[in-house]
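Input: a single structure, listed below in structure tokens.
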Amino acid sequence: MTETVLSKLEQRLGGRVYARQRLGIETDHEAQIFGQGLNFFHIENWYSVHSIIRILLKLTGLYWRGRANAARVEVRRNDIHSKKLPAEFDGLTLLHISDFHADMNEGAMRRLEEILPDLSYDLCVLTGDYRGATFGQFDDALARMRTVVARIKPPVYGVLGNHDTIRMVPDLEAMGIHMLLNEFELITRAGASIYLAGIDDAHYFRVDNIEKAASGIPHQAFSILLSHTPEIYRQAAHAGFDLLLSGHTHGGQICLPGSIPVTLDSVLPRKFGSGAWTYHEMAGYTSAGVGSSIVTVRINCFPEITLHRLWRAEAVVRQ
């Protein structure tokens, strides 16, 4: 990474400490594979476990069904109501896509490319994990992302996930994705405005900075926060955000009947692990993701992309 690019990233992430921290943790992680601290054990990087999972699924007869399910991307719809939403934004639709893991989910990527041209939305948000592995080369992931992003109508905004290196940012932005690195963007419509903010990964790298992302957002304004993980729901709500969009959990990916996740790989209440939820005055949505991680299977948990439609609360028609 050139010093010029590093300097720009330092400014955007919130200073020299954040940028150096992100790159430093990435370097340490790639050197020892298993990470550090609270995330010392990374099942994603223990490839013998991947084989064990495959063998167990094959023994139970679930493997090939799970493989087929991994490509069955569903389009889900979610309505969000807020009194703070300006009337000019009533009916605004956001396409939300998370957890591509593009280089290891060819079936899901092909299905996504089929679905995207027929969808109607005003803007698109991506909540991270573009790469399959958590270390190493990322050229294959970027190459696969290019063909998908080419089918997404602009504007497109995104954040990084725990599988992503900050070195991917220049290429992602060259595709037309406006990456939000602890930053916000003003969204205008018919003279009115709302705010869209995004933070860097809070799950593994922990270089998220909600204070910086929210620093220029007026308290009375309607604001949306993009975060790869929903684990920062408390901080987001108390910072005054009205909507938190996230992913990371995959909805469990391998679930018991009734879509009960075996694990969410997150420290948060299970009710926040998938779909729509609320916390205090903030609405939230955790995407089950379009791709799969570790093993390309889905059991009782289909991959998804989501169309969120924003409504001004006074516009709700009660039957």
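Every read-out reported here was derived from the displayed coordinates using simple, explicitly stated rules and does not represent laboratory data. This one's a predicted model, so the numbers in the text were calculated from it and none came from an experiment. Ideal geometry is used to build each Cβ from the backbone, glycine not excepted, and the neighbour counts take in all protein chains shown.
Things worth noting here:
- Contour minus Cα-Cα distance for ALA143 and THR93 (0.36 nm per residue): 15.2 nm
- For GLY176, the shell of other residues with beta-carbons less than 12 Å away shows a net charge of +1, using +1 for Lys and Arg and -1 for Asp and Glu.
- Cα gyration tensor category, rounded, prolate or oblate, for the range 233-296 with a/c compared to 1.5: prolate
- Order of VAL75, VAL148 under a 10 Å beta carbon neighbour criterion, fewest first: VAL75, VAL148
- As a rough footprinting exposure proxy, the listed residues HIS250, HIS178, HIS81 were ranked by other beta carbons within 10 Å of their own, and the order from fewest upward is HIS81, HIS178, HIS250.
- Relative contact order for the range 249-306, counting Cα pairs under 8 Å that sit 6 or more residues apart, in percent: 41 percent
- Under 20 Å of direct C-alpha separation, and excluding same-chain neighbours fewer than eight residues apart, LYS271 reaches these aspartates and glutamates: ASP79, ASP99, GLU231, ASP242, GLU281, GLU304.
- Taking a point 7 Å out from the Cα of SER193 in the direction of its Cβ, the residues of the range 79-119 whose backbone N falls within less than 14 Å of it are 86.
- Cα-based reach from LYS212 at 24 Å (exclusive), listing lysines while leaving out same-chain residues under 8 positions away: LYS8, LYS84
- Taking a point 7 Å from the Cα of GLU106 along the Cα-to-Cβ direction, the residues of the range 281-313 with backbone N closer than 14 Å to it are 296.
- Relative to the current alpha-carbon distance between ARG77 and ILE115, full extension at 0.36 nm per residue lengthens the span by 12.3 nm.
- Going from the residue with the fewest nearby Cβ atoms within 10 Å to the one with the most, SER227, SER274, SER82, SER7 rank SER7, SER82, SER274, SER227.
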